[in-house]
Amino acid sequence: MRNSANFFPRKRHQMVAFKAEFPYLRGDSGHLFEFDQGWLREAITKAADRAGYPSWWLTDHITESITFYLRLRNDESVVAVSQLSQTVQYVLKVIGYREIIPHFRPEPPPITLSLFDIAQQAGAGYELAFFEDLGQRIDTIVRAGVPNLRVSSIAASVKHLRGTKIWTRSCDALRSEIVIFIREKLTNLAPERPLECSIR
């Protein structure tokens, strides 16, 4: 999925296929994320707002500049988020907006978790394997400190697990079970640190 973040670590023996356009970003936790221009723009916007520059007119310009910089580094497979932050801070310093620098604290980008991908790996009718894999992935996400989780393709995953192309009452029941499972898992794993989650 093009705009989703590649979050889950791969086994060492597996090949890693990086995008040609941008290198991956490595967070402090060591996990890899796909670069998202919207994520960078939001981080700069928040920093400018905190520094007293709401609707800052240079946000888009800086975002485009950093995006171009990353595109030039596409010969590298990974760039640390801390290194990207230093580049943004350098640009802010050069253009005379040092006061924004202390406020630039980019959080890990949103993670998109495809339930259909998990369902395909589990196989039709193997709901136990689906929930086990889903639980492990949510645990990994929470431990990494991800602030925003986007869960996608719930309808497609339900129909795949039920082995049907037509939505039925049993699909309604499984969908509710998945939603409850995700919410309870997030609540139990991170009761003191709310994680923003959307399910579609």
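The values are calculated or read from the model by the stated rules, or taken from the named source; none is laboratory data. Here the structure is a predicted model, which means the values were calculated and not measured. Using ideal geometry, Cβ is built from the backbone for each residue, glycine included, and neighbour counts are taken over all protein chains shown. Side chains included, ligands, DNA and RNA excluded: accessible areas come from the protein's heavy atoms. Shrake-Rupley method; radii C 1.70, N 1.55, O 1.52, S 1.80 Å.
Three principal axis extents of the stretch 138-200 based on alpha-carbon atoms, in descending order, are 39, 16, 16 Å. When its C-alpha radius of gyration is set against 2.2 N^0.38 Å (N residues), the stretch 43-112 gives a value of 1.12. Using C-alpha pairs below 8 Å separated by at least 6 residues, the relative contact order for the chain is 20 percent.
Computed from the C-beta positions of Gln136 and Asp172, the FRET efficiency with R₀ = 30 Å rounds to 0.70.
Taking the charge dipole of the chain about its Cα centre, with +1 at Lys and Arg Cβ atoms and -1 at Asp and Glu Cβ atoms, the residue from Leu186, Ser77, Thr168 reaching farthest to the positive side is Thr168.
Tally the DSSP beta bridges in the chain and give the antiparallel ones as a percent, rounded to 5. Could you put the intermediate results ahead of the total?
Values: 2 of 13 bridges.
Counting only bridges with both partners in the chain, antiparallel ones make up about 15 percent.
At most 14 other Cβ atoms within 10 Å and a DSSP loop assignment: could you name the GluC sites (Glu not before Pro) in the stretch 135-200 that fit? Numbers along the way, then the final one.
On the way: sites: Glu177, Glu184, Glu192, Glu196; in loops: Glu192.
Counting only loop positions with at most 14 other Cβ atoms within 10 Å, the GluC sites (Glu not before Pro) in the stretch 135-200 are Glu192.
Taking the longest Cα principal axis of the chain as reference, the axis of helix 37-50 is set at about 60 degrees.
The amide H of Val79, built 1.01 Å from its N in the peptide plane, has Tyr24, Leu25, Arg26 as neighbours under 5 Å, considering only residues 5 or more places off or on other chains.
Cβ under 14 Å from Arg200's Cβ, Arg200 left aside: what net charge do those residues give with Lys, Arg +1 and Asp, Glu -1? Intermediate results must be reported in sequence, preceding the final value.
Values: positive: Arg150, Arg175; negative: Glu196.
Net of charged neighbours comes to +1.
Determine the calculated [θ] at 222 nm for the chain from helices alone, applying -39500 (n - 2.57) to every DSSP H run no shorter than 4 residues and normalising by the residue count; nearest 500 deg cm²/dmol.
Details: 7 runs with 97 residues, N = 200.
Roughly -15500 deg cm²/dmol at 222 nm, from the helical runs in the chain.
The residues packed around Ile166, meaning those with a beta-carbon under 13 Å from its beta-carbon, carry a net charge of +3 if Lys and Arg are +1 and Asp and Glu are -1. Each peptide in 142-154, 53-65, 103-115 receives the mean, over its residues, of other Cβ atoms within 10 Å, and ordering these scores from highest gives 103-115, 142-154, 53-65. When only the Cβ of Lys, Arg, Asp and Glu is charged (+1, +1, -1, -1), the dipole of the stretch 30-91 relative to its Cα centre reaches about 180 debye. Extending 7 Å from Cα along the Cβ direction at Gln120 and again at Ser85 yields two label points whose distance is 3.5 nm.
Summary of the geometry: the stretch 136-193 and the stretch 44-81, compared by the centres of their Cα atoms, lie 32 Å apart. The largest-to-smallest principal axis extents of the Cα set in the chain are 60, 37, 28 Å. Find out how many positive minus negative residues lie around Leu115, taking Lys and Arg as positive, Asp and Glu as negative, among other residues whose Cβ is under 15 Å from that of Leu115. Charge balance near Leu115 sits at +3. Between 0 and 90 degrees, the angle of helix 59-72 with respect to the longest Cα principal axis of the chain falls at about 80 degrees. Element breakdown for the chain at a 1.4 angstrom probe: carbon and sulfur atoms account for 50% of the accessible area.
Could you check the spin-label model distance between Glu99 and Arg183? Points 7 Å from the Cα along Cα→Cβ, value in nm. Reported label-point gap for Glu99 and Arg183 is 4.4 nm.
Here the relative contact order of the stretch 24-124, from alpha carbon pairs under 8 Å that lie six or more residues apart, stands at 35 percent.
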